[in-house]
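Quick notes on the structure that follows.
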Amino acid sequence: MTSSYTDYTVGAPVADTAAPGGPIEERWERRRFGVKLVNPANKRKMKIIVVGTGLAGGSAAASLAELGYQVSSFCYQDSPRRAHSIAAQGGINAAKNYRNDGDSVHRLFYDTVKGGDFRSRESNVHRLAEISLQIIDQCVAQGVPFAREYGGLLDTRSFGGAQVSRTFYARGQTGQQLLLGAYQALERQIDAGGVTMYPRHEMLDLIMVEGRARGIVARDLITGETRSHLADAVVLASGGYGNVFYLSTNAKGCNVTATWRAHRKGALFANPCYTQIHPTCIPVSGDHQSKLTLMSESLRNDGRVWVPKRKGDDRAAGDIPEDERDYYLERKYPAFGNLVPRDIASRAAKDVCDEGRGVGPTGLGVYLDFSDAIGRLGRSAVAAKYGNLFDIYQRITGEDPYAVPMRIFPAVHYTMGGLWVDYDLQSTIPGLFVIGEANFSDHGANRLGASALMQGLADGYFVLPNTIGDYLAGARLGPVDPGAAEVRAAEQEVANRVETLLSIDGNRTVDSFHRELGHLMWDQCGMERTDEGLRKALDRIPELRREFWTNVKVPGTGAQLNQSLERAGRVADFLELAELMCLDALHRTESCGGHFRAESQTEDGEAARDDKNFSYAAAWEFTGQGEPPVLHKEDLHFEYVMPSQRSYK
Amino acid sequence: MKLNLKIWRQAGPEDRGRLVAYRVDDADEDMSFLELLDVLNERLALDGEEPVAFDHDCREGICGACSMVINGEPHGPQKATTTCQLHLRHFRDGESITIEPFRAAAFPVVRDLVVDRGSLDRIVASGGYISAPTGSAPEAHATPVPKANADRAFTAAACIGCGACVAACPNGSASLFLGAKITHLGELPQGQPERSDRVVRMVETHDTEGFGGCTNTGECAVACPKEIPLDVISQLNRDYRKATTGGRRSA
Amino acid sequence: MVTLGQRPATRARHTPRPSSVQLKIVMAVSGALALLYLVAHMIGNLKIFLGAEAINTYAAWLRTVGEPALPAETLLWLVRVVLTVAIVAHIVSAVILTRRAHRARPVKYAHRQPVQGSYAARTMRWGGVIILLFIIYHLLDLTTLTLNPNGVPGDVHANLVADFAPSRWYVTLFYALAVIAVGFHVRHGLWSGLQTLGHNSAAAQNTLKGVALVVAVLLTVGFLSVPFAVLTGLVR
């Protein structure tokens, strides 16, 4: 009997048993008091594997080593400093209220829950808001060169979805500076012997022994050798899966393999359809394009978004008089104007382009215009704030944004979905912890700008180091025999898969499959999703996957640096994940945050949530490739921020 | 546009390596340089040849992974631009382009254009940090930092660790990379307690890794895609001199 | 399984001494001493324009200065010793740095890198060798007078005039080339030394480069003026 992927079944609800009760502002403190502690002498004997060295993984590996654990850190890049957190531009939120503009932990909590369209957990988000204060302190102490005012104090700026100025930044390179802080802390621990670093290593499978995560199988990308690494706990900090769309703002190497392999071993994957489309990216210029480049959201502080009022108006931007321009964000959302959250800004851009008012050679673009800001503040002040972004723009497009407005268009940027974790950041596999973008926890259906850096560092510096001890102290783990059947089986599985990929020797390159998958996902599971389109995608993906496994061409051998082979393994996993994303999007017939179902919108085209039927996180259980998965629901409860129709008008 | 490429091919560290000529007829001036290599690699793969290995990741000029020397210049002819952000509109139709890996004893070739830059990480590990264990930080506003210092710290901290300075330096020195980190941390009040130790240990590691000594030729700052100023090396020298002659070094 | 706590194998490598920065400091300090000497030397040379007696008296004074408190030629020898030590240290450091530079780039680029920094910076090593050869000749010519056509101790003026006689144009040419090499060497060396000794900042960079250029030009012109004057008959 063949069952269709859309015939998923609903399993038992999943519950967050680690979450403490009580007043929301006391929960994190209660949990920290509640966790079992590992005594320092025992920590030295315990091994923890951390996969990924971005903000979450880097900060976690360093912090765990500082606590005394033996840490092994893995990254596919040649250096831990290159993880893609480095590309985050705009800033990091913290409820410091240095501006005296009414900010508070509670307001950051409120904004984040609301910004996430009421699809996140209140307890987690509140903890995140609390920790935001410590993150800034920690980073300043490490020497992160945040922007400062003339008095020597930290400067802040505004970001989308907030009416207070709480975003700390380091020019347009905040992610880089925060990551270098974590990287330097990590290098310090490498030097001290607390962390063993494995650069150019890719995790290809999770090793489970007696139902617990006990290690990983990793491939040394230089020698091609695959071998197992064993530990007492495994932490995945491997980032998001935006590259399923082929074109995204992610780095070329970003992939879902680590989390997908864990999902195949039993970890639930939650809300895979929640993807964030960032409104301000440089538009696609041609078929050769290999990636998209973001223009920081901070630009919307001073840039004004507009398109011509008239359809098909192909005059140069400067020739269009003021009264023939439609500043549509300011018109539709007077309260937040150009600073509406990302999902709203992206969809609004899509709408005006669908109406035929898009600009640029492809018609897929809108203007982001700085002429007002340059007139008001002067060119040098604008350059001081955004100079590097303007430079990037000019390098890529060959146009001078000081003279002509930028052209921007939405692009895939971040994935809110990820492996399901409890309050302790532990997945449904005991001993497997998931942090940063790789988990699903804090952003609900839409992430606010400058919150990814906050969450990555909160998880890595402050949450995980406090909660992982509870598992380690309680688990009473013995050593794993490197020759154990489970270990050997995992190694063998990886070796077979590599062997298979190399032996197909078909007629299509890995990239051609990836591009086709990406197009399909962008068209059917992108900014706007429909029942019909998603079903189409769900029909096509298995075909494409079958073709991949019979017709892909991977040159070279497995015993060398083989970048085609690396990509092939990643695309193979994307071909499975894509199916789950579409199914999740299909089953969630409401619109919420980054998930917009055309069938579910208000009269004026805003996302219409369906709290009665969908106020839950959808956590999916893997049952086999192409087999219908099992849906486990985690109901969401709101005690402090009552769900309402988000309004930024 | 059509381009004639000469690309360094080397199967592994032990292989001697050689330049191999390729021709790409369907390049587009809006392509980035790495997209040109993508096009070539797609063709090579379909022809059953091994694609050219090259490091790259973010493709937006910030991760520092891309690392090739184009016509004798690290990251190519465009000023303040990494290879991934270099577009073909800066080349002429029919132009011949030679592509080589970064050359330095401290950057052994792994394969084709891929080199091992772990030596830069080890320089950082030997002292390029401020010891601030998680949780120990005081309130962020406890220590104001004059804007001028903060700005200079940032300018130096913008280094992406790509190693172009080493590739450009006739001495194979990593002094610009080293000076950038010394300057970044040395400009901040938080960086003062370890300032002397840091510079001595980092210079020691720099030399041990097999980088050459700086002779102030200035090639590094010209090649740097992030325009790290040459004077960070001056700051490095000054800190080193003070650390080794003033008896201020604590360990 | 992999054991934790491995250290990178490269740690076992030996650390070269002196450190690269120490060598640079030696280069800078020794270069500075040599430069001070050059300035004094150049000023002394200019006395030839005040007549034969002026320069011959000056040359004699150099040998008697400090008397009677100090024995004859004490200061002269002090300067000679310090200068020799400085030059030897300068050369030794340069050789060590050059050898390390070659080791640091064992494989050269196939496509030669165009010169991007300053030309003077790129020519320090060959320029230095030319200067060293010249110094040896110069000492034999005008200090020991072994190779001087006049060769009368104490008669500096006559020795110089004989040296730069138009018929000996090749000597003058060699001298001029060497002086220009010194100019280039000083142009980069002075700036480089200031950079090494830590007196550089982005703001001061252009000023320092300007100062280095001016000093280099003045030295070159000053030194060239003597043979030029002899050649044109201005001094005879």
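The values are calculated or read from the model by the stated rules, or taken from the named source; none is laboratory data. This one's a predicted model, so the numbers in the text were calculated from it and none came from an experiment. Heads up, the Cβs are rebuilt from the backbone with ideal geometry, glycines too, and the neighbour counts pull from every protein chain shown. Ligands, DNA and RNA are stripped out before the accessible areas are found, and what is left, the full protein with its side chains, is counted by its heavy atoms. Shrake-Rupley method; radii C 1.70, N 1.55, O 1.52, S 1.80 Å.
For the subset of the stretch B:12-29 comprising residues that are open to solvent by less than 50 Å² (accessible area, probe 1.4 Å) and more than 25 Å from C:Lys108 (Cβ to Cβ), which member is farthest from the other protein chains (Cβ to nearest Cβ)?
The qualifying residue farthest from the other protein chains (Cβ to nearest Cβ) is B:Val24.
Just a yes or no: is a residue in the stretch C:142-149 at positive phi and at pLDDT 90 or above?
For the stretch C:142-149, residues at positive phi and at pLDDT 90 or above: present.
Give A:Phe574, A:Phe548 a once-over and let me know the one that is assigned to a helix (DSSP H, G or I), of a type in the set (Phe, Trp, Tyr) and in contact (Cβ under 8 Å) with a residue 60 or more places away in the chain.
A:Phe574
Does the stretch C:117-155 hold any residues that are of a type in the set (A, V, I, L, M, F, W, C) and not in a helix (DSSP H, G or I), and which are they?
Keep residues of the stretch C:117-155 that are of a type in the set (A, V, I, L, M, F, W, C), which gives C:120-121, C:124, C:126, C:129-136, C:139-140, C:142, C:145, C:147, C:152.
Listed by number, the residues that qualify are C:Leu145, C:Leu147, C:Val152.
Within the stretch B:189-203, can you find the residues that are of a type in the set (A, V, I, L, M, F, W, C) and open to solvent by 10 Å² or more (accessible area, probe 1.4 Å)? Quick ask: steps written out before the conclusion?
Keep residues of the stretch B:189-203 that are of a type in the set (A, V, I, L, M, F, W, C), which gives B:199-200, B:202-203.
Across the stretch B:189-203, the qualifying residue is only B:Val200.
Could you tell me whether the stretch A:11-23 includes any residue that is closer than 17 Å to A:Gly431 by Cβ and over 23 Å from the mean Cα position of the chain (by Cα)?
Yes, that holds for at least one residue.
Can you pull out the residues in the stretch C:64-83 that are farther than 21 Å from C:Ser192 by Cα and in a helix (DSSP H, G or I)?
Result: C:Thr64, C:Thr74, C:Leu75, C:Leu76, C:Trp77, C:Leu78, C:Val79, C:Arg80, C:Val81, C:Val82.
Might you check whether a residue that is among the charged types (D, E, K, R) and closer than 30 Å to C:Val221 by Cβ occurs anywhere in the stretch C:66-79?
no
Kindly evaluate B:Glu227 against the criterion of being facing another protein chain (nearest Cβ under 9 Å), surrounded by fewer than 21 Cβ atoms within 10 Å (Cβ to Cβ) and closer than 30 Å to B:Pro101 by Cα.
Values: facing another protein chain (nearest Cβ under 9 Å): no; surrounded by fewer than 21 Cβ atoms within 10 Å (Cβ to Cβ): yes; closer than 30 Å to B:Pro101 by Cα: yes.
It is false that B:Glu227 is facing another protein chain (nearest Cβ under 9 Å), surrounded by fewer than 21 Cβ atoms within 10 Å (Cβ to Cβ) and closer than 30 Å to B:Pro101 by Cα.
Read through the list (1) within 15 Å of the chain's Cα centre (by Cα); (2) under 30 Å from A:Ile136 (Cα atoms); (3) modelled with pLDDT of 95 or more, then give the number of the only condition that B:Gly61 fails.
Of (1) within 15 Å of the chain's Cα centre (by Cα); (2) under 30 Å from A:Ile136 (Cα atoms); (3) modelled with pLDDT of 95 or more, only one is false for B:Gly61: (3).
Take A:Gln163 and decide whether it is open to solvent by 10 Å² or more (accessible area, probe 1.4 Å), of a type outside the set (A, V, I, L, M) and in a loop (DSSP other than H, G, I, E, B).
Yes.
Here are A:Asp610, A:Asp531: which of them is in the same structural domain as A:Val256 (by TED's automatic domain parsing) and touching a residue at least 60 places away in the same chain (Cβ under 8 Å)?
A:Asp531
Quick check, is B:Cys169 in contact with a Phe, Trp or Tyr (Cβ under 6 Å, 6 or more places away or on another chain) and open to solvent by 10 Å² or more (accessible area, probe 1.4 Å)?
no
Identify, from the list A:Val256, A:Val209, A:Val235, the residue that is assigned by TED's automatic domain parsing to the domain that holds A:Ala489, over 26 Å from the mean Cα position of the chain (by Cα) and among the β-branched types (Val, Ile, Thr). Give the steps one after another, and end with the answer.
Values: A:Val256 fails: over 26 Å from the mean Cα position of the chain (by Cα); A:Val235 fails: over 26 Å from the mean Cα position of the chain (by Cα).
Answer to the selection: A:Val209.
Does the stretch A:103-119 contain at least one residue that is open to solvent by 10 Å² or more (accessible area, probe 1.4 Å), of a type in the set (A, V, I, L, M), more than 12 Å from chain B (Cβ to nearest Cβ) and touching a residue at least 40 places away in the same chain (Cβ under 8 Å)?
Within the stretch A:103-119, one or more residues are open to solvent by 10 Å² or more (accessible area, probe 1.4 Å), of a type in the set (A, V, I, L, M), more than 12 Å from chain B (Cβ to nearest Cβ) and touching a residue at least 40 places away in the same chain (Cβ under 8 Å).
Return the residues of the stretch B:43-72 that are of a type in the set (A, V, I, L, M, F, W, C) and either more than 7 Å from every other protein chain (Cβ to nearest Cβ) or part of a loop (DSSP other than H, G, I, E, B) (or both); say none if nothing qualifies. Walk me through how you get there before you give the answer.
Of the residues in the stretch B:43-72, the ones of a type in the set (A, V, I, L, M, F, W, C) are B:44-46, B:52-54, B:58, B:62-63, B:65-66, B:68-70.
Those that are of a type in the set (A, V, I, L, M, F, W, C) and either more than 7 Å from every other protein chain (Cβ to nearest Cβ) or part of a loop (DSSP other than H, G, I, E, B) (or both): B:Leu44, B:Val52, B:Ala53, B:Phe54, B:Cys58, B:Ile62, B:Cys63, B:Ala65, B:Cys66, B:Met68, B:Ile70.
Any residue in the stretch B:39-51 that's hydrophobic (A, V, I, L, M, F, W, C): show its pairings with residues that are in a helix (DSSP H, G or I) at Cβ separation under 7 Å, as long as the two are six or more apart or on different chains.
B:Ala45/A:Ser564
Just for helices (runs of 4 or more DSSP H) wholly inside the stretch A:1-77: which have at least 2 residues that are surrounded by 22 or more Cβ atoms within 10 Å (Cβ to Cβ)?
The qualifying helices (runs of 4 or more DSSP H) are A:55-67.
Quick check on my filter: what residues within the stretch A:565-593 are closer than 24 Å to A:Ala218 by Cβ and touching a Leu at 6+ places or on another chain (Cβ under 9 Å)?
A:Leu565, A:Glu566, A:Ala568, A:Gly569, A:Val571, A:Ala572, A:Phe574, A:Leu575
Name every residue in the stretch B:30-42 that is at the interface with another protein chain (Cβ under 9 Å from one of its Cβ atoms) and not β-branched (Val, Ile, Thr), in order of residue number.
Within the stretch B:30-42, B:Asp30, B:Met31, B:Ser32, B:Leu34, B:Glu35, B:Leu36, B:Asp38, B:Asn41, B:Glu42 meet the criteria.
What residue, of B:Pro146, B:Pro108, is surrounded by fewer than 22 Cβ atoms within 10 Å (Cβ to Cβ) and at the interface with another protein chain (Cβ under 7 Å from one of its Cβ atoms)?
B:Pro146
Just to be sure I understand the filter: pairs with C-beta atoms under 9 Å, separated by 6 or more residues or on different chains, first member in the stretch C:19-47 and over 11 Å from C:His90 (Cβ atoms), second member of a type in the set (Lys, Arg) and open to solvent by less than 30 Å² (accessible area, probe 1.4 Å). Which pairs pass?
Final answer for the pair search is C:Ser20/C:Arg100.
Any idea which of (1) of a type in the set (Gly, Ala, Ser); (2) more than 22 Å from A:Lys252 (Cα to Cα); (3) open to solvent by 20 Å² or more (accessible area, probe 1.4 Å) is the one A:Ala490 doesn't satisfy?
Answer for A:Ala490: the failing condition is (3).
Taking into account only those residues within the stretch A:141-159 that are outside any loop (DSSP other than H, G, I, E, B) and over 26 Å from the mean Cα position of the chain (by Cα), which is farthest from the other protein chains (Cβ to nearest Cβ)?
A:Leu154
Quick one: in the stretch B:204-226, of everything that is in contact with a Gly (Cβ under 9 Å, 6 or more places away or on another chain) and among the β-branched types (Val, Ile, Thr), which residue is modelled with the lowest pLDDT?
B:Thr217
Only one residue in C:Gly183, C:Gly154 is more than 14 Å from chain B (Cβ to nearest Cβ) and in contact (Cβ under 8 Å) with a residue 60 or more places away in the chain. Which one?
Among C:Gly183, C:Gly154, only C:Gly154 is more than 14 Å from chain B (Cβ to nearest Cβ) and in contact (Cβ under 8 Å) with a residue 60 or more places away in the chain.
Taking into account only those residues within the stretch C:156-208 that are assigned to a helix (DSSP H, G or I) and among the aromatic types (Phe, Trp, Tyr), which is farthest from C:Val21 (Cα to Cα)?
Once the filter is applied, the top-ranked residue is C:Trp169.
Exactly one of these conditions fails for B:Tyr129: (1) surrounded by fewer than 24 Cβ atoms within 10 Å (Cβ to Cβ); (2) among the hydroxyl-bearing types (Ser, Thr, Tyr); (3) within 7 Å of another protein chain (Cβ to nearest Cβ). Give me its number.
Among (1) surrounded by fewer than 24 Cβ atoms within 10 Å (Cβ to Cβ); (2) among the hydroxyl-bearing types (Ser, Thr, Tyr); (3) within 7 Å of another protein chain (Cβ to nearest Cβ), B:Tyr129 violates only (1).
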